[in-house]
Amino acid sequence: MKKKYEPKEIEKKWQKFWEEKDYFSPHSGRKGDTFSMVMPPPNITGILHMGHALNNTLQDIMARFKRMQGYEVLWIPGIDHAGIATQNVVERELSKKGLSRQKIGREEFNKRVWEWKDNYGERIFSQLKNIGISCSWKHKSFTMDKKHSKVVREVFVRLYEQGYIYRGDYIINWCPRCQTALSDIEVEYEEKMGKLYYIKYPFKEKENYLIIATTRPETMLGDTAVAVNPKDKRFENLKGKKLILPLVNRELPLIYDEYVDPKFGTGALKVTPAHDPNDFLIGKRHNLPFINILNPDGTINKEGGIYEGLKRFKCREKLINDLKEKGYLKKIEDYTLRIGHCYRCKTLVEPYLSPQWFVKMGDLAQEAVKVVKEGKIEFVPSFWKKSYFRWMEEIHDWCISRQIWWGHQIPAWFCQNCGKITVSINDLKECSYCGSKNLKKDEDVLDTWFSSSLWPFSTLGWPERGEEFKNFYPTSLLCSGWDILFFWVSRMIMMGLKFTNEIPFRKVYIHPLIGDEKGKKMSKSKGNVIDPLVLMEKYGTDAFRFSLIALKTDSPYVRFSEERVRGYRNFANKIWNASRFTLMNLQDFQPQKRLENEKSLKLSDRWILSRYSLLIKRTNSNLNGLLFSETAQLLYQFIWGEFCDWYIELTKPRLLNKKGDSSRYTAQWTLYKVLKGTLKILHPFMPFITEEIYQRLPRDKDDKESIMISSWPESEREDKEAEKKMNLIMEVIQDVRTIRSEMRIPPQKEIDLALKTSNEENLNILRENNSYIVNLIKTNQLLIDKDITPIKGSISSLSGDVEIFIPLKDLIDIEKERKRLKKDIEKLNKELFSLEKKFSYPQFLSKAPPEIIEKEKEKRETFQCKIKKIKQRLKEME
């Protein structure tokens with residue numbers, strides 16, 4: 001093995017090897033348990049980001065873990081056609097050539113999008129392969145391939161025929177730039193300082209008026225009523241009154257509705273049913289007219305009278321000037337607004353009344369809630385169930401139509417003669433009602449989420465329900481970020497239940513989103529985006545993967561920084577160096593499944609085998625419970641903290657023995673068994689380095705040609721007696737090392753060490769295993785007894801019931817050390833005084849956040865302990 005771990009050449013080699021051997025695909029004909037997942041399909045416009053990296057690494061861990069446990073694993077990769085996003089990308093390409101989609105027409109435009117998809121759409125797959133994901137590339141899917149298009153049509157038609165899909169006018173999110181409806185998730189909100197305009201609405205019968213506050217004055221052109229709360233006493237004598245809409249002179253009824261908030265503005269609300277979702281509902285309740293004042297491009301239409309043709313914000317400007325000039329504008333105030341933008345082009349979104357296609361969600365949502373309440377689908381972490389239930393209880397009908405060209409065109413035809421709509425799986429030539437051939441196909445396409453909501457069963461061949469569907473549906477696990485729990489996860493549950501009569505997955509793992517080092521959301525505008533490809537190139541994929549999984553997942557955004565990856569590169573180097581040392585000492589070793597003479601196992605062997613057995617047991621439990629970060633920390637602690645730092649060091653003297661020596665062979669056997677098994681457990685997390693080292697280990701006849709198809713280690717008997725004994729020895733060694741460090745005793749100097757305990761059992765343990773202490777501490781003389789009088793000038797410490805004494809004479813310059821310790825006390829006393837002063841201020845205790853106060857208290861306690869300890873050292877040195 002090379003001295004230095006070089007991930008680049010290793011990663012490419014093994015990814016190619018695994019794919020050529022077809023290890024990632026399930027093999028038909030095998031009998032046994034199955035495990036299946038569908039990849040959340042990234043957009044075809046996308047390149048690998050931190051979210052993809054985390055989500056797919058989590059899935060890959062489970063795929064590799066279950067594969068090694070003997071499961072038949074199917075993990076289906078795929079990409080999403082991403083309607084609006086992809087259309088915008090291709091439109092930008094066209095504009096560079098002086099073209100537009102309108103100029104080239106729908107058919108040619110969609111042809112160009114398919115060409116773009118063929119050239120660039122699958123680049124994310126090669127980037128995902130760089131992470132080492134082991135999905136079945138034979139099964140890769142696309143939400144607009146022939147198979148999925150057929151399923152989408154089938155589902156749409158069935159829902160329409162069963163009365164779930166309908167067409168009607170409704171308030172939707174509208175992007176004037178993209179000229180399409182947007183789902184709620186496609187609208188990005190931000191708080192911004194705007195204006196609140198107070199406008200006088202005069203009564204018809206008298207000179208008096210009501211003052212109405214609005215943040216969007218241009219929409220007053222579509223007002224059809226003024227509403228007040230029926231419990232608001234200010235307006236109780238105004239029933240039946242009429243008002244006149246300023247500038248337009250439209251008569252407006254005064255209506256009473258409990259939705260109106262008496263505390264907002266003046267308590268009177270202008271009602272614009274065609275341009276506000278809440279006003280829309282008021283309009284429905286009171287049978288008000290719906291007046292749409294906007295063209296699809298955001299300009300004012302003919303309903304705006306003299307303002308027709310103006311852009312919406314130009315209209316606002318002119319209208320405010322006109323109101324001011326004619327005495328209708330009372331005042332303008334600054335006001336914080338929550339403004340929605342199109343997630344793609346950043347244009348301000350308008351609430352807009354237009355004919356759209358909808359899915360009735362009430363009954364579907366009830367069934368989806370029921371299966372989660374009954375425990376048929378498990379959410380991990382479980383607290384996400386509350387959010388799921390809340391969203392499902394507040395669900396509205398789903399607007400599924402989009403006014404763009406790229407996507408699944410809605411399979412509905414309008415008869416130009418009888419005016420009826422026909423919905424069909426197959427393309428129509430004539431009207432099913434009157435036989436007319438004068439048909440026009442609906443130009444709208446379906447919301448991207450519609451096709452992706454069918455993903456778990458559409459990827460497995462529904463509606464045919466073939467062998468793969470029978471073997472792998474419902475899927476075992478879905479991994480998803482919390483941000484699409486409602487928009488994607490919930491809809492998959494609803495559609496899965498509706499069309500397969502089964503749940504789509506048994507478990508849902510909801511992971512956080514990755515923030516920057518401060519926990520803030522990553523965005524290009526903030527300049528805090530971290531590129532996973534750069535980090536993998538710099539530090540290696542295994543280190544990058546481990547740094548993702550080791551993140552604690554107890555908040556919506558987890559903190560991530562390059563420093564983390566650098567730290568886990570050191571971990572990869574530690575694994576490499578420990579394996580290199582082990583292999584150098586296994587050159588004459590012949591593997592055996594069982595050790596012929598188990599009595600040859602030393603205490604340290606028994607200890608590491610017990611810890612290894614516990615590692616297997618805990619890892620199995622953690623991964624089955626989807627406790628990823630806990631498993632990562634467990635592995636890190638075992639490999640670095642126990643195997644490398646303790647067992648290898650304890651074993652080195654025995655490996656120097658002659659070939660054929662039984663103690664040497666036992667040490668080799670234990671090193672081999674634990675290293676090989678630990679590599680297997682680590683493999684799902686760090687696949688490349690583990691494969692490289694596994695290939696170099698001595699082979700026995702049952703070994704597989706790759707670690708990823710080898711069998712998962714089985715937990716054996718834990719040896720609590722060995723663990724108890726080793727813990728005592730390790731604690732003593734650790735405490736002696738601490739003294740050496742604190743007193744600055746040079747590492748090359750041997751020390752005299754005395755260990756005193758009246759506990760007979762501990763006394764025997766220390767005596768029987770004194771070689772461990774001698775070798776790891778560098779002792780000149782070691783005395784272990786129940787009755788020891790320490791030499792004057794000895795430094796002492798207490799490790800459990802074992803007293804530790806180290807004479808300092810000839811080890812350090814005692815006078816120089818005494819001066820150093822006194823200076824340390826002076827410095828600590830100053831720090832402590834400063835802290836005590838802070839605690840004496842009532843303002844600090846009353847105003848500082850609790851976590852800051854707690855942190856300062858801990859700091860004070862640390863300083864006090866350090867001072868006490870140094871004083872003890874000075875006393876011992878006298």
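Using 0.36 nm per residue and subtracting the Cα-Cα separation, the extra length available between Tyr343 and Lys822 on full extension is 166.2 nm.
A DSSP coil position with no more than 13 other Cβ atoms inside 10 Å describes the following trypsin sites (Lys or Arg not before Pro) in segment 807-878: Lys809. Rounded to whole Å, the principal axis extents of the Cα atoms in segment 317-368 read 57, 25, 23, largest first. A simple spin-label model places the labels of Glu705 and Lys96 4.5 nm from each other, with each point 7 Å out along Cα-to-Cβ.
Dipole size of segment 455-558 about its Cα centre, with +1 on Lys/Arg Cβ and -1 on Asp/Glu Cβ: approximately 340 debye, rounded to the nearest 20. Note down the Stokes-Einstein diffusion coefficient of segment 247-306 in µm²/s, whole number, using a Kirkwood radius over alpha carbon pairs, 20 °C, and 1.002 mPa s. Estimated diffusion coefficient is 165 µm²/s. Considering only Asn237, Pro273, Tyr259, and ranking their Cα positions along the charge dipole of segment 230-288 that arises from unit charges at the beta-carbon of Lys, Arg, Asp and Glu, the one farthest toward the positive end is Asn237. In straight-distance terms, cross-link reach from Lys809 covers every one of the lysines whose alpha-carbon lies under 17 Å from its own, apart from those fewer than eight places away in the same chain; here that gives Lys749, Lys778, Lys792, Lys819, Lys875. Computed about its Cα centre, the charge dipole of segment 708-775 is approximately 400 debye, with only Lys, Arg, Asp and Glu carrying charge at their Cβ. Ordering Asp60, Asp276, Asp261 by accessible surface, largest first, gives Asp261, Asp276, Asp60; the 1.4 Å probe counts only protein heavy atoms, with every chain in place. Extending 7 Å from the Cα toward the beta-carbon at both Lys857 and Val774 defines two label points whose distance is 4.9 nm.
Quickly estimate the mean residue ellipticity at 222 nm for the chain, helices only: each DSSP H run with n ≥ 4 gives -39500 (n - 2.57), and the total goes over all residues, rounded to 500. Intermediate values should be presented prior to the final figure.
Working: 29 runs with 369 residues, N = 878.
Taken over the chain, the calculation gives -13000 deg cm²/dmol.
Using 0.36 nm per residue and subtracting the Cα-Cα separation, the extra length available between Leu281 and Lys809 on full extension is 181.2 nm. What lysines could a cross-link reach from Lys129, if we take a straight Cα to Cα line under 18 Å and drop same-chain neighbours fewer than 8 places away? Within reach: Lys8, Lys12, Lys13, Lys16, Lys21, Lys138, Lys140, Lys538. For the pair segment 579-618 / segment 718-747, the C-alpha centres are spaced 22 Å from each other.
What order do Val529, Val157 take when sorted by accessible area (1.4 Å probe), most exposed first?
Correct descending sequence by accessible area is Val529, Val157.
A Förster radius of 41 Å combined with the Cβ-Cβ distance from Asp427 to Asp232 puts the calculated FRET efficiency at roughly 0.10.
Could you tell me which of Ile825, Ser797, Gly327 has its Cα farthest along the dipole of the chain towards the positive end, charges placed at Cβ (Lys, Arg +1; Asp, Glu -1), taken about the Cα centre? Of the candidates, Ile825 comes out farthest on the positive side. With the biggest extent put first, the Cα atoms of the chain measure 109, 75, 54 Å across the principal axes.
The charge dipole of the chain, taken about its Cα centre with unit charges on the Cβ of Lys, Arg, Asp and Glu (plus for the first two, minus for the last two), comes to roughly 1500 debye. Between Gln843 and Asn570, the simple spin-label model (points 7 angstrom out along Cα→Cβ) gives 4.1 nm.
With Cα atoms as the point set, segment 321-461 shows a radius of gyration and Dmax of 22.4, 67 Å.
Within the chain, DSSP assigns beta bridges of which about 70% are antiparallel (rounded to the nearest 5). List the GluC sites (Glu not before Pro) within segment 332-376 that DSSP assigns to loop and that have no more than 13 neighbouring Cβ atoms inside 10 Å. Those that pass, being in a loop and sparsely packed, are Glu374. Report note on the peptides 510-517, 480-487: ranked by the mean count of other C-beta atoms within 10 Å, highest first, their order is 510-517, 480-487.
Using 0.36 nm times the number of residues separating Val187 and Glu6, minus their current alpha carbon distance, what extension gain do you get?
60.7 nm
Compute the Rg to Rh ratio over segment 722-763 from the alpha carbon atoms, using the Kirkwood formula for Rh, and round to two decimal places.
1.04
Only residues of segment 207-232 count here: report those whose backbone N is under 17 Å from the spot 7 Å along Cα→Cβ of Asn321, or say none. What the label zone holds, given the 17 Å backbone N cut-off, is 217-218.
Helix 384-393 axis versus longest C-alpha principal axis of the chain: approximately 10°, rounded to the nearest ten. A DSSP coil position with no more than 10 other Cβ atoms inside 10 Å describes the following trypsin sites (Lys or Arg not before Pro) in segment 407-443: Lys429. Note the angle between two axes, namely the Cα long axis of helix 83-96 and the longest principal axis of the Cα atoms of the chain, as a number of degrees from 0 to 90, rounded to the nearest 10. Helix 83-96 and the main axis of the chain meet at about 80 degrees.
Helix 850-877 and the long axis of the chain differ in direction by around 10°, with both axes built from C-alpha atoms. Would you list, by chain and number, the lysines whose Cα falls below 18 Å from the Cα of Lys701, excluding same-chain residues fewer than 8 positions away? Within the straight-line cut-off, Lys701 pairs with Lys593, Lys673, Lys676, Lys680.
The values are calculated or read from the model by the stated rules, or taken from the named source; none is laboratory data. Quantities reported herein were computed from a predicted structural model and do not represent experimental measurements. No Cβ is skipped: glycine too gets one built from the backbone with ideal geometry, and neighbour counts run over all protein chains shown. Side chains included, ligands, DNA and RNA excluded: accessible areas come from the protein's heavy atoms. Shrake-Rupley method; radii C 1.70, N 1.55, O 1.52, S 1.80 Å.
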